[in-house]
1. Scanning for something of a type outside the set (Lys, Arg), exposed (fewer than 14 other Cβ atoms within 10 Å of the Cβ), in contact with a Lys or Arg (Cβ under 7 Å, 6 or more places away or on another chain) and assigned to a loop (DSSP other than H, G, I, E, B), does the stretch 197-220 turn up at least one residue?
2. Every residue in the stretch 222-235 that is out of contact with any strand residue (DSSP E or B) (no Cβ under 6 Å at 6 or more places or on another chain) and crowded, with 17+ Cβ neighbours inside 10 Å, please.
3. Return the residues of the stretch 235-262 that are assigned to a loop (DSSP other than H, G, I, E, B) and of a type in the set (S, T, N, Q); say none if nothing qualifies.
4. Would you check if Ala365 is in the same structural domain as Leu416 (by TED's automatic domain parsing) and not in a strand (DSSP E or B)?
5. Residues of the stretch 380-390 being surrounded by fewer than 14 Cβ atoms within 10 Å (Cβ to Cβ) and assigned to a strand (DSSP E or B), which ones?
6. Of all residues being in contact with a helix residue (DSSP H, G or I) (Cβ under 9 Å, 6 or more places away or on another chain) and hydroxyl-bearing (Ser, Thr, Tyr) in the stretch 153-195, which is farthest from Leu53 (Cα to Cα)? Just the residue, please.
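The values are calculated or read from the model by the stated rules, or taken from the named source; none is laboratory data. Owing to the predicted nature of the structure, the values given are computational and were not obtained by experimental measurement. Don't worry about glycine lacking a Cβ; one is built from the backbone with ideal geometry, like all the others, and counts go over all protein chains shown.
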Amino acid sequence: MLGFHDTRKWVYTQHIDGKYQRLRRWAFLALNVLLFATPWVRIAGSPALRFDLADRRLFAFGAMYTASDTLLLLLLLLFLAFSLFFFTALFGRLWCGYACPQTVFLDTFVRPIERWIEGEWTTRRRRDAGPLTFALAWRKAAKWTLFAAAAFLVSMGFMSFWAGGPELWTGRAGPVEYSLVAISSAVFFADFAWFKEQFCNYLCPYARFQSALTDDRTLLIGYDPRRGEPRGGKDAKEAGRCIECSKCVNVCPQGIDIRDGFQLECIGCAACVDACTGVMGKLGHETLVDYGSLASLAGRKASLLRPRTAVYAALLTILAVTAVALMHSRVPFEASVSRAPGSLFTMDGDGYVRNTYFLRLANNAARPDSLHFAVSVEGLAGADVTAPQVSLAPMQDQLLPLIVRIRAGASTPRTLPMRVRVAALTGQRVLTTTFETGGLDARD
């Protein structure tokens, strides 16, 4: 089968254990629990996290956000973007090695399935290089079947955030949702069975622009040539130099040699660090591959605090403070007022001028109980206001009539400013509009 150029070069990764691999497995476990369990969790009767595109709503940890909260969404996206810049400038590809879905799924499902069905890396490589036999065929079929099951499981997990976990897994979602599950399952299967590390090397844009986010003081995984070179030789074991065991290459999921220096393909998984730590530790020496900056490997002083990290930290602080302030002042209901169509004003027989409005109220609170609203009018002295008392259940909206009357005299302006105050237990909103009198036509 052909790859992007020449023949597809498969990477056979040797399984390795170590301090960083155990840390990654705990991180993967937490992320998988977040993916598959969160859609089933409910807070105050609402999903813990769900994107409701049909009604343009976001449920997030006990609160509900609508299109009127777009500014908060913008701040969140900016915060995530600058967080990526900030942590990349400090710790390199920490995201790729410990939290990227591609890495999580490959190390959680794909590589364990390969080892279970086809054996260790040397056995897999030997079988694949040999002729097509029944043993090879049934192992490939079993592996691909489990890949398809894993792809379906992952697709259902992701779609649960959009369609709802209970609805999707019990067959109560719509045909659009299940069609998207089928499409995404096919995409994930192709990724698990074919792309694998090629996604990181060729398709992921992060590897392309990370070089613009890092510098010689960014924490990366690197090989220390000052202690490791020259490689091999009879006295390499005693001197603590590289003994050319190639284990750092065999365990690399990207198929690179970390001893060749910084490479865009490196995802920072630290498998080579654990491999070299184990080998050199048995020889009584420190590892030659470890976390460090290019500056430290060159013998220069490295500092986390520098202009770019200071700027990123300042921007993150500003975004966080702004978002918290907006969240604190946020009122979890919507209210709008508009004039009823047909006429600007009406002269009643008792000498009052009447304006009729439509008041739209929407309860965006995720709390299970109803929200009671009180409506009042300000800015019109002696106004006669007819506004119904209303209670709205969560996620309910209603259009209500609002009638305002005043006695207009000869000196009454044609247009008067008016405020409509809508108050509830969770806060209040003040709406501005105008009251029309008709000027001279409205004199008593």
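1. No, because not a single residue in the stretch 197-220 is of a type outside the set (Lys, Arg), exposed (fewer than 14 other Cβ atoms within 10 Å of the Cβ), in contact with a Lys or Arg (Cβ under 7 Å, 6 or more places away or on another chain) and assigned to a loop (DSSP other than H, G, I, E, B).
2. Asp224, Gly228
3. Ser246, Gln254
4. Against the criterion (in the same structural domain as Leu416 (by TED's automatic domain parsing) and not in a strand (DSSP E or B)), Ala365 qualifies.
5. Thr386
6. Ser185
Residues checked against (1) among the hydroxyl-bearing types (Ser, Thr, Tyr); (2) loosely packed, with under 13 Cβ neighbours inside 10 Å:
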| residue | (1), (2) |
| --- | --- |
| Thr88 | yes, no |
| Val110 | no, no |
| Ile117 | no, no |
| Arg125 | no, no |
| Val154 | no, no |
| Ser160 | yes, no |
| Arg172 | no, yes |
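Residue-by-condition table, conditions (1) farther than 24 Å from Lys247 by Cβ; (2) over 17 Å from the mean Cα position of the chain (by Cα); (3) among the β-branched types (Val, Ile, Thr); (4) not assigned by TED's automatic domain parsing to the domain that holds Ser160:
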residue: Tyr12; (1), (2), (3), (4): no, yes, no, no
residue: Tyr20; (1), (2), (3), (4): no, yes, no, no
residue: Asn32; (1), (2), (3), (4): yes, no, no, no
residue: Phe36; (1), (2), (3), (4): yes, no, no, no
residue: Val41; (1), (2), (3), (4): yes, yes, yes, no
residue: Pro47; (1), (2), (3), (4): yes, no, no, no
residue: Phe51; (1), (2), (3), (4): yes, no, no, no
